[in-house]
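Data block below; observations after.
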Amino acid sequence: MKRPSGAAVRPADTAPADTRLLAIAAHQLREHGPRHVTVVGIADAAGMTHANVYRYFASKAALIDAVAGQWLRRMEATIADIADSPDPADDKLERLIQAWARIHRDLLKDDRHLFDVYCTATETARPLIRKHRSRMRVLIDRVLDEGITTGKFDPRDREKAHSFVTDSVYRFINPLTVRLDAEVPQDILDQRLATMIRVVLRALANGSV
């Protein structure tokens, strides 16, 4: 029987408690938004007391951040797969940026409440965002270094090259600007991103940065 859209999710009781709590919190966040998610409601759905929830998460905010962190790690894993692929560095950087932008757009479309949590975390520079930025920097630098080693890229300054990449595509990878562009037709955004990627790759190849 199909579950009603607002019905509680009850992950298998054999799953670790923190995994069950995260799954329930993610579902309730998607359905109701962060203001209406409560520790008591999550505990009830998990079949435990609210005091038990606090054994795993110090607060409702910590639980919501953990849901956002789970999504960020999935995105990082996708980007890492691209960074570690055997393709030439310029092809990898293009695919990496496209995937980075697409993942943001997909979240905005599929789970607006989680996207808004992500935006708030970005605005307030919460620890999960700072850690995420550090991990993404490592992945981009990995591709840049490979491009330099193989001769695909010839930047004058590696640090400036990294900043140039992220600054050039900022509009497409920052949740705040992605949200501002929510009503812009997707084909227009795709054309603009493709243009910026061409600019980035050309500048990295000819040593303009």
Which numbered condition PHE164 fails, given (1) within 26 Å of ARG35 (Cα to Cα); (2) crowded, with 17+ Cβ neighbours inside 10 Å: (1)
Subset tally (residues that are of a type outside the set (Lys, Arg) and open to solvent by 30 Å² or more (accessible area, probe 1.4 Å)) for region 54-70: 8
Search result, residues across region 64-98 that are of a type in the set (A, V, I, L, M, F, W, C) and in contact with an Asp or Glu (Cβ under 9 Å, 6 or more places away or on another chain): ALA66, TRP71, ALA83, ALA89
Whichever residue in region 171-194 is open to solvent by 60 Å² or more (accessible area, probe 1.4 Å) and in a helix (DSSP H, G or I) and, among such residues, is nearest to THR120 (Cα to Cα): ARG179
Cβ pairs under 7 Å, 6+ apart, first in region 165-190 and free of Cβ contacts under 8 Å to residues at least 40 places away in the same chain, second surrounded by 15 or more Cβ atoms within 10 Å (Cβ to Cβ) and among the hydrophobic types (A, V, I, L, M, F, W, C): SER168/MET196; SER168/VAL200; ASP181/LEU189
Test: residue in region 82-95 that is of a type in the set (Gly, Ala, Ser) and within 14 Å of the chain's Cα centre (by Cα): no
Scan of region 101-125 for residues that are closer than 17 Å to VAL37 by Cβ, charged (D, E, K, R) and either touching a residue at least 24 places away in the same chain (Cβ under 8 Å) or open to solvent by less than 30 Å² (accessible area, probe 1.4 Å) (or both), ordered by number: ASP111, ASP116
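The values are calculated or read from the model by the stated rules, or taken from the named source; none is laboratory data. Predicted model only: the values in this text are computed from it and were never measured. Virtual Cβ from ideal backbone geometry, glycine too; neighbours counted across all protein chains shown. Only protein heavy atoms, including side chains, enter the accessible area calculation; ligands, DNA and RNA are left aside. Shrake-Rupley method; radii C 1.70, N 1.55, O 1.52, S 1.80 Å.
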